[in-house]
Amino acid sequence: MLEVRRLTGSEARQYVSALAEVLVDCVESGASVSFMWPFSKSAAEDFFKKVVEGVEGGSRILLAAFIDSKLVGTV
């Protein structure tokens, strides 16, 4: 079952690696998401660490989609 939820700052920090994997997969597949291939997982993790700071500071929200408790998407 698909579940979409808003992540807290601590949840987002916990999922940085999984969030980065989703982003790299999107970029590798040609998605237009402000990044171009080649794009490393470490660059994606750096991006999401900044996103987490925004979530923790209250200037951003982060939504994540899960299937069977596995993070599969984000916005």
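Each value in this text was obtained by applying a stated rule to the coordinates, not by laboratory testing. Predicted model only: the values in this text are computed from it and were never measured. Reconstructed Cβ throughout: ideal geometry from the backbone, glycine too, with neighbour counts over all protein chains shown.
Figures for the structure shown
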read-out: Inter-probe distance in nm under a simple model that places probes 7 Å from Cα toward Cβ, at residue 46 and residue 21; value: 2.2 nm
read-out: Net charge dipole size for the chain [Lys, Arg +1 and Asp, Glu -1 on Cβ; Debye, nearest 20]; value: 180 debye
read-out: Structure-derived Cα extents along the principal axes in Å - corresponding label in (1) 31, 30, 18; (2) 57, 20, 18; (3) 35, 32, 21; value: (1)
read-out: Of 44, 72, 62, farthest towards positive along the dipole that unit charges on Lys, Arg, Asp, Glu beta carbons give the chain; value: 62
read-out: Pairwise FRET efficiency - residue 63 versus residue 31, Cβ, R0 = 22 Å, nearest 0.05; value: 0.85
